[in-house]
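Visitor: Encoded as structure tokens, here's the structure I'll be asking about.
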Amino acid sequence: MDPIKLSQDLIRCPSITPHNAGALEIVEKHLTSLGFTCERLDFEGIANLYAQKGAGRPRLCFGGHTDVVPVGAENLWTASPFQGTIKDEKLWGRGAADMKCAIAAFLSALADLKTEAPLSLLITGDEEGEALHGTQRLLPLLAERNLIPDLCLIGEPTALKEVGDTLKIGRRGSITGQLTCFGKQGHIAYPQNTDNPIPRLLACLQDLYAYPFDEGTEMFEPTRFEATSIDVGNLATNIIPQKVEARFGIRLNTLQKAEDLCEVLKSLCQKTAGKHDLHLTIHGDAYLTEDKEKIHLVQKAIEKVTGALPAISTTGGTTDGRFISAYCPVIECGLLEKTMHQVDEHVSLKDIHQLKEIYLSILHDFLPDSSTSGRENLTD
């Protein structure tokens, strides 16, 4: 199974969240040919795929997603974002780094694996969106069927400089919010007859920035507040506005629980925002995998391919690992992070092949009674 050709096929599906655009059908076709039993589990228009083969323990599950973020201004792309163009020994297209090529690399590794050991894949079409009807919906079903794996390997981009140099064993949690402060509109020359909400909003944001949420942990940086926009919608220079809105995000570590943090935010806004509305959305708590035995196993398997033990990290954005971690240990390993979500997203052809060999090495070392067939393909 050629991981480059498969990567191209997947990139050519314009599966911008929440659309599937045929991507999961391609994955299902290849898994079926490898002897997997595939089941489509679609919820609220979101396409999801669960595939499994073998029985017993330990069971390894590969987690991933075929949905991608929008391309932005398509005219800025060097090549069409859904063409899967190969140029300069690189594969270009939306989803190349995040994370269609990783899925292709894992499927290609499976094709070289000669074993009846228990394996499964959980591929969703809802990771880049609200993430409500993908992995979150599937996990309780798997728990009911006693199909929760002993380890979930997620193919999100994790590498900094070279494929295999970094594993993610945790991710920060996330909260987004919108704060609207209300006042009284009026002429700028008569401020005594108005109530300008802008100073109150700015004071509130200053308090949120200054609040000492925590100092971080050995594995996580401190919980951080960041404003992302301030909007008044006032085009006149002589009118004090009636309202002003701010949007913000918080990335939290394992010292915080999202629900508790929301109460802190509400209390801080109550003190300085005056008349206001505050809308908060919890995207998940932070997670940290602490199973040192499994982490070391994956590190050593990667070292066999790259010659170097990968570092462990918890940086970056949120992933579906935040949901899966409540059920089993999670380790993330994929391609370079550098171009994900960018214009001209691309990956090296060499890196795709390297990731395939990394996945094959992990599979051999994790699964019992795995055939040695394919080990001769591992690079020194």
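Visitor: Go through the residues of segment 256-267 one by one and say whether even a single one is outside any strand (DSSP E or B), more than 21 Å from the chain's Cα centre (by Cα) and more than 24 Å from Thr318 (Cα to Cα).
Guide: Yes: segment 256-267 contains one or more residues that are outside any strand (DSSP E or B), more than 21 Å from the chain's Cα centre (by Cα) and more than 24 Å from Thr318 (Cα to Cα).
Visitor: Further question on the same structure: Looking at His276 and the list (1) out of contact with any Phe, Trp or Tyr (no Cβ under 7 Å at 6 or more places or on another chain); (2) modelled with pLDDT of 95 or more, which single condition is not satisfied?
Guide: (1) is the only condition that His276 fails.
Visitor: Within segment 37-58, work out how many residues are surrounded by fewer than 22 Cβ atoms within 10 Å (Cβ to Cβ) and either in a loop (DSSP other than H, G, I, E, B) or over 24 Å from the mean Cα position of the chain (by Cα) (or both).
Guide: Adding up the residues that qualify gives 11.
Visitor: Evaluate the following for Thr254: is it in contact (Cβ under 8 Å) with a residue 24 or more places away in the chain, exposed (fewer than 15 other Cβ atoms within 10 Å of the Cβ) and touching a Ser or Thr at 6+ places or on another chain (Cβ under 8 Å)?
Guide: For Thr254, the condition - in contact (Cβ under 8 Å) with a residue 24 or more places away in the chain, exposed (fewer than 15 other Cβ atoms within 10 Å of the Cβ) and touching a Ser or Thr at 6+ places or on another chain (Cβ under 8 Å) - is not met.
Visitor: Output the qualifying pairs, or none if there are none: Cβ atoms under 9 angstrom, residues six or more apart or on different chains, first residue in segment 262-289 and free of Cβ contacts under 8 Å to residues at least 60 places away in the same chain, second residue surrounded by 16 or more Cβ atoms within 10 Å (Cβ to Cβ) and in a strand (DSSP E or B).
Guide: Lys266/Leu278; Lys266/Leu280; Gln270/His276; Gln270/Leu278
Visitor: Follow-up. Test Arg200 against the criterion of being buried (at least 20 other Cβ atoms within 10 Å of the Cβ), touching a Lys or Arg at 6+ places or on another chain (Cβ under 6 Å) and at pLDDT 95 or above, and give yes or no.
Guide: no
Visitor: Here's a check for you: in segment 140-158, which residue that is touching a helix residue (DSSP H, G or I) at 6+ places or on another chain (Cβ under 6 Å) and of a type in the set (A, V, I, L, M) is surrounded by the fewest Cβ atoms within 10 Å (Cβ to Cβ)?
Guide: Ile148
Visitor: Does any residue of segment 165-184 turn out to be in the same structural domain as Lys300 (by TED's automatic domain parsing), part of a loop (DSSP other than H, G, I, E, B) and more than 17 Å from the chain's Cα centre (by Cα)?
Guide: yes
Visitor: As an exercise: evaluate Ile26 against (1) assigned to a loop (DSSP other than H, G, I, E, B); (2) without any contact (Cβ under 8 Å) to a residue 60 or more places away in the chain and give the number of the one condition it does not meet.
Guide: Tallying (1) assigned to a loop (DSSP other than H, G, I, E, B); (2) without any contact (Cβ under 8 Å) to a residue 60 or more places away in the chain, Ile26 fails exactly one: (1).
Visitor: Additional query: Do we have Arg145 as assigned by TED's automatic domain parsing to the domain that holds Pro368, touching a Leu at 6+ places or on another chain (Cβ under 8 Å), farther than 26 Å from Tyr359 by Cα and charged (D, E, K, R) here?
Guide: Answer is no for this residue.
Visitor: Under 8 Å between Cβ atoms, at least 6 apart or on separate chains: pull out the pairs that start in segment 174-191 with a residue that is among the aromatic types (Phe, Trp, Tyr) and end on any residue that is in a strand (DSSP E or B).
Guide: Going by the 8 Å Cβ cut-off, the qualifying pairs are Phe182/Lys243; Phe182/His276; Phe182/Asp277.
Visitor: Also: Which condition from (1) buried (at least 16 other Cβ atoms within 10 Å of the Cβ); (2) at pLDDT 95 or above is the one that Gly284 breaks?
Guide: (2)
Visitor: Let me ask something else about it. Surrounded by 15 or more Cβ atoms within 10 Å (Cβ to Cβ) and either among the β-branched types (Val, Ile, Thr) or assigned by TED's automatic domain parsing to the domain that holds Cys328 (or both): which single residue out of Thr194, Thr228 fits that description?
Guide: Result of the check over Thr194, Thr228: Thr194.
Visitor: Can you name every one of the strands (runs of 3 or more DSSP E) wholly within segment 272-345 that holds 2 or more residues which are more than 30 Å from Leu201 (Cα to Cα), of a type in the set (Lys, Arg) and under 19 Å from the mean Cα position of the chain (by Cα)?
Guide: Answer list for segment 272-345: none.
The values are calculated or read from the model by the stated rules, or taken from the named source; none is laboratory data. Bear in mind that the values here come from a model prediction, so they are computed numbers and not experimental data. Cβ atoms come from the backbone with ideal geometry, glycine included; neighbour counts cover every protein chain shown.
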